[in-house]
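Report on one structure; see the data block that follows.
Each reported figure results from applying straightforward, stated rules to the coordinates on display, with no laboratory input. Predicted model only: the values in this text are computed from it and were never measured. Positions of Cβ are backbone-derived with ideal geometry, glycine not excepted, and every protein chain shown enters the neighbour counts.
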Amino acid sequence: MTNPLCLRGGRVLDPARGIDRVQDLWIEGGKIAGWGEDAPSALRSNPKAEIVDVRGAVVCPGLVDIHVHLREPGQEDRETIETGARAAVRGGFATVACMPNTDPPLDDRPRVEYVRRRGLEVGLARVLPIAAVTKGQQGMELTEIEDLVEAGAVAISDDGKPVRNAELMRRALELTRDLGIPVIQHAEDPDLKGVGVMHEGWVSTRMGLKGIPDIAESVIVARDVLLAELTGGHVHVAHVSAAKTVDLIRQARARGIRITGETAPHYLVLTDEAVEGYDTSAKMNPPLRSERDRDALIEAVQDGTLDCLATDHAPHTDIDKDGDFDSAPFGIVGLETALGVYLKALVEPGHLTLPGLIARMTVEPYRVLGRRGGTLEPGAEADVTVFDPSHRWTVRASEFASKGRNTPFEGWELPGRVLLTLVGGRTVFRAETSEATLR
Amino acid sequence: MTARKDLLGLEDLSADEIVTILDNARTFREVLDRPIPKVPSLRGMTAANLFFEPSTRTRLSFELAEKRLSADTVNFQTSGSSVSKGETLRDTARNIEAMGIHLVVIRHQASGAPHYLARHLEAGVINAGDGTHEHPTQGLLDIYTMREQRGRIAGLRVAIVGDVMHSRVARSNMWGLVKLGAEVVIAGPPTMMPAEVERFGVSVARSVDEAIEGADVVNILRIQLERQCAGLYPSLREYARVYGVTAERIRRAKPDVTVMHPGPMNRGVEIAQDVADGEHSVILQQVTNGVAVRMAVLYLLSRREPSGDVAESETPSVEATKNHDEPTLSPRR
Ligand SMILES: [Zn+2]
């Protein structure tokens, strides 16, 4: 058993409990032991306690990313559970939920168990597998959902593609309704998408690239709103990119329908203009959209229509991304830049308070998954992230822990340097040059 | 123009640069009428023609232009069905660099492929048609032909008819014509109109008849209903009926209208037989002018110093040779 740990003098943020106060945080036996004067006095006088000075830094619940791609099993040249988990803790994430579109996909118990076990062996971020909705993600036949949930799946999704068949989506929602997990929908009508490679609009017209209209996303969400209403099941819309989608979610929630949503950092700071020059690091799915969509997403994060902030971390090899735009794969990495981009996009311009941002990256994603967590209440698992919100740093993809270097943020100066990530009280990441900062 | 390494599209060119190319093309057009239609301007230089997508017409035109300028040429052709197109492009760039090639002409099925090569190569890159993006030399030869026929571009009413969405020719035409002050009206099936197309500075007519009304020039686009536009339009028969340019429709234009088509034509579909071969058609002149325009582009790009800088004073035109009939060219700025 490790010695007790005290994070001294940081700004402790626990949005789940409305806490925002400069004080010490005590950790013992892998759990949160208490804060400041609320910590047991025996602990406070324990001479063996390790004291880490975090003055000037934010101390918050370990960040949670509800949407990553770890590529293992099957595409280990792009990422492994180990490299992905290392990238996660480097980005301040204590927990990541990984999508099942591996090769083979996570559609049976052994594979779901494998990912869980491998995550534990690696011992960095918590790795929560999301299982497939349909066998082989083929959209034909449902997986054994309860078995997969028992094996540790925290949600089901056919991410990478939508659940196209409305009947199957209906049954999946009925079967999960009482399991307390969402069906995470990659909302995209395959016919409307066609062979599109970027947002349909003036930029795609000018560049001669096949467009993907915003309604390719929204029509599926419109359908799913009706199915969620019918079944009482919970639809969670992955990587929302379009203003029209946000409107649909907002209206549905006003009617009491169980639908939640997430977006990813790039949709808040970039538009389809980023594709200029046929830059494959700006090729993602759904695509970067218009300024109007971007504004609508920020508003939806503000008012909570989009519950949580994810990354859609999608690593690819350099070789994959090097070439013409049409044949490059969709997706960018995000774990190591997400906090910085969110701070820049939402907190610095005043769209969201810092506690508001932390809520959407901790307690809210847990809530979407129907789980408790993402809080620093005494007795909780000591998953903690410490970061300096004012420290600015420059994105260098070559320094990523992820195998993926595919980022549109190369060379960007971002705020928010992660200093320390704890999972279950263990230090799983500590910034190298932070000796002066962390004493 | 001389400061440029590449010609990737007409979007990037200023009106002055376009005029410079057209003026040079006119000089080369005269060369082509001579008994020995050859100048030594590109002697010692090597041009590579990379055609990832078959196009006999454009490839021959470029090859001919290169030969008329005395360049050495190498040709590379592929079916475009290789396993990884991206890898092909990357390897191609490496090979080109290793071979010490000065100018690269590329035709590719992916929009932006020439931009990729331009970024990775010291050599000058000429876009000979990329995906559904641009076909700048076709755009230039169309504009050249219009200027030749009508004496000017500014103020002309040009109708572009057909599948604008998939047409790289249409994009290059629109950029170039609008920059030079033409009034451009487009018409075609609503399913083949790209999003926000008005932002090119053109207007969209509701019918072919409306577009052709009072036009100085009618430029008819090739339709590929079986391939590219499958699902976007019911049938060739229906297309011919609603969007086909017939002699009757042409009568709505100016009496001396100029009729153009980039070829190859689907006779009886987008263009009626009697229009294709009619008195207003300049389709064969377009082909001849294409060689002259490509000579001008190759010539102007070859004037760039290998380092990428341009020596302003060093524009020696076509080098003096024993043949005193050689024209003297100096690219204007
Ligand atoms: Zn997805």
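Need the full-extension length gain, residue B:16 to residue B:95, defined as separation in residues times 0.36 nm minus the C-alpha distance. One decimal, nm.
Between residue B:16 and residue B:95, full extension yields 25.0 nm more.
Could you please tell me the mean projected area of the C-alpha convex hull for the range A:355-418, averaged over all directions and given in square nanometres to one decimal?
Here the figure is 6.0 nm², rounded to one decimal.
7 Å from Cα along Cα→Cβ at both residue A:279 and residue B:33: what's the point-to-point distance in nm?
4.9 nm
Just to confirm my numbers, what's the Cα centroid distance between the range A:347-390 and the range A:232-308 in Å?
Their Cα centres are 20 Å away from one another.
Test of understanding: express the Cα radius of gyration of the range A:250-383 as a ratio to 2.2 N^0.38 Å, with N the residue count.
The reported ratio for this selection is 1.17.
Per-residue mean of other chain beta-carbon atoms within 10 angstrom of the beta-carbon, peptide A:199-205?
For this peptide, the per-residue mean of nearby foreign Cβ atoms is 5.
Identify, among A:127, A:219, A:140, the residue whose Cα sits farthest towards the positive end of the charge dipole of the protein assembly as shown, taking +1 on the Cβ of Lys and Arg and -1 on the Cβ of Asp and Glu, with the dipole about the Cα centre.
A:219
Shape of the range B:129-253 from its Cα gyration tensor (a ≥ b ≥ c, root eigenvalues): rounded if a/c is under 1.5, otherwise prolate when a/b > b/c, or oblate?
Taking the square roots of the gyration eigenvalues as a ≥ b ≥ c, the range B:129-253 is oblate.
Read phi for every residue in the range B:243-253 and hand back ³J(HN,Hα) as whole Hz from Karplus 6.51 cos²θ - 1.76 cosθ + 1.60, θ = phi - 60°, with x for Gly and Pro.
10, x, 8, 10, 4, 5, 5, 4, 4, 6, 7
Going by amide H atoms built from the backbone, whose H comes under 5 Å of the H on residue B:156, apart from near neighbours?
Close amide H contacts, sequence-distant or interchain: B:183.
For the pair residue A:191 and residue A:2, what calculated FRET efficiency results from E = 1/(1 + (r/R0)^6), where r is the Cβ-Cβ distance and R0 = 56 Å, to the nearest 0.05?
0.50
Ordered by residue, what ³J(HN,Hα) values in Hz, to whole numbers, does the range B:138-145 give under the Karplus form 6.51 cos²θ - 1.76 cosθ + 1.60, where θ = phi - 60° and Gly and Pro are x?
Ordered by residue, 3J(HN,Hα) equals 5, x, 5, 6, 5, 5, 4, 5 Hz.
How would you classify the range B:77-197 from its alpha-carbon gyration tensor, with a ≥ b ≥ c the square roots of the eigenvalues: rounded for a/c under 1.5, else prolate if a/b is greater than b/c, otherwise oblate?
oblate
Out of residues 5 or more away from residue B:75 or on other chains, whose amide H comes under 5 Å of its own, with H placed 1.01 Å from N in the peptide plane?
Sorted by chain and number, the residues that satisfy this are B:49.
With a cut-off of 13 Å, note down the residues of the range A:399-413 whose backbone N falls inside the zone around a label point 7 Å from the Cα of residue A:318 toward its beta carbon.
A:399-400, A:403-407
Once you charge only the Cβ atoms, +1 for Lys and Arg and -1 for Asp and Glu, what is the size of the charge dipole of the protein assembly as shown about its Cα centre, to the nearest 20 debye?
The calculation lands at about 480 debye.
What is the spin-label model distance, in nm, from residue B:26 to residue B:230 if the labels are put 7 Å beyond Cα along the C-beta direction?
4.7 nm
Among A:338, A:46, A:368, flag the residue with its Cα farthest along the positive direction of the charge dipole of chain A, charges on Cβ as +1 for Lys/Arg and -1 for Asp/Glu.
It is A:46.
What value, in deg cm²/dmol to 500, does the helix sum -39500 (n - 2.57) over DSSP H runs of n ≥ 4 give at 222 nm once divided by the residues of chain A?
Computed ellipticity for chain A at 222 nm equals -7500 deg cm²/dmol.
Please label the shape of the range B:2-49 as rounded, prolate or oblate, based on the square roots a ≥ b ≥ c of the eigenvalues of the alpha-carbon gyration tensor (a/c under 1.5 means rounded; beyond that, a/b larger than b/c means prolate, else oblate).
Judged from the Cα gyration tensor, the range B:2-49 comes out oblate (a/c at least 1.5, b/c at or above a/b).
Take the Cα coordinates of chain A, assign each an equal point scatterer, and use the Debye formula without solvent to give log10 I(q)/I(0) at q = 0.07, 0.13, 0.14 Å⁻¹.
Each listed q corresponds, in turn, to -0.32, -1.12, -1.30.
Hey, what did chain B get for relative contact order, percent, Cα under 8 Å, at least 6 apart?
22 percent
Averaging over every viewing direction, what projected area does the convex hull of the Cα atoms of the protein assembly as shown cover, in nm²?
Averaging across all directions leaves 36.5 nm² for the Cα convex hull.
Give, rounded to the nearest 20 debye, the magnitude of the charge dipole that the range A:1-54 has about its Cα centre when Lys and Arg contribute +1 at Cβ and Asp and Glu contribute -1 at Cβ.
Here the range A:1-54 has a charge dipole of around 40 debye.
Give the aspartates and glutamates reachable from residue A:283 as a straight Cα distance under 14 Å; neighbours fewer than 8 places away on the same chain don't count.
A:200, A:272, A:273, A:312, A:318, A:320, A:322, A:324, A:326
Using the Kirkwood formula over every pair of different C-alpha atoms, what hydrodynamic radius in Å results for chain B?
Over chain B, the inverse of the mean reciprocal pair distance is 20.3 Å.
Give me the one-decimal nm value for the distance between modelled label points at residue A:351 and residue A:247, 7 Å along each residue's Cα-to-Cβ direction.
Distance between the two pseudo-spin positions: 1.9 nm.
Looking only at the protein assembly as shown, where both bridge partners belong to it, what percent of the DSSP beta bridges are antiparallel (to the nearest 5)?
If we restrict to bridges inside the protein assembly as shown, about 35 percent are antiparallel.
Using the charge dipole of chain B (Lys, Arg: +1 at Cβ; Asp, Glu: -1 at Cβ; taken about the Cα centre), state which of B:145, B:35, B:108 has its Cα farthest towards the positive end.
Going by the charge dipole, the pick is B:35.
In straight Cα distance, which lysines are under 30 Å from residue B:67, not counting same-chain residues fewer than 8 positions off?
Of all the lysines, those that pass the test against residue B:67 - Cα under 30 Å, at least 8 places apart if same chain - are B:5, B:38, B:85, B:322.
Hey, what did the range A:72-201 get for relative contact order, percent, Cα under 8 Å, at least 6 apart?
21 percent
Can you list the residues, at least 5 places off or on another chain, whose amide H is less than 5 Å from the amide H of residue A:157, using H built in the peptide plane?
A:131, A:132, A:133, A:184
Can you work out ³J(HN,Hα) from phi for every residue in the range B:88-97, in order, using Karplus 6.51 cos²θ - 1.76 cosθ + 1.60 and θ = phi - 60°, giving whole Hz and x for Gly and Pro?
Computed from phi, the couplings for the range B:88-97 are 4, 5, 5, 5, 4, 4, 5, 5, 4, 4 Hz.
May I ask you to list the residues of the range A:368-410 whose amide nitrogen lies under 20 Å from a point 7 Å from Cα along the Cα→beta-carbon direction of residue A:42?
Backbone N within reach: A:378-382.
Suppose every K and R has +1 on its Cβ and every D and E has -1 on its Cβ; what is the size of the dipole of chain B about the Cα centre, in Debye to the nearest 20?
I would put it at about 280 debye.
If you line up the long axis of helix A:291-302 against the longest principal axis of chain A, both from Cα atoms, how many degrees apart are they, to the nearest 10?
With both axes taken from Cα atoms, the answer is about 40 degrees.
Can you compute the helix-only [θ] at 222 nm over chain B? Use -39500 (n - 2.57) per DSSP H run of at least 4 residues, normalise by all residues, nearest 500 deg cm²/dmol.
Here the helix-only value at 222 nm equals -11000 deg cm²/dmol.
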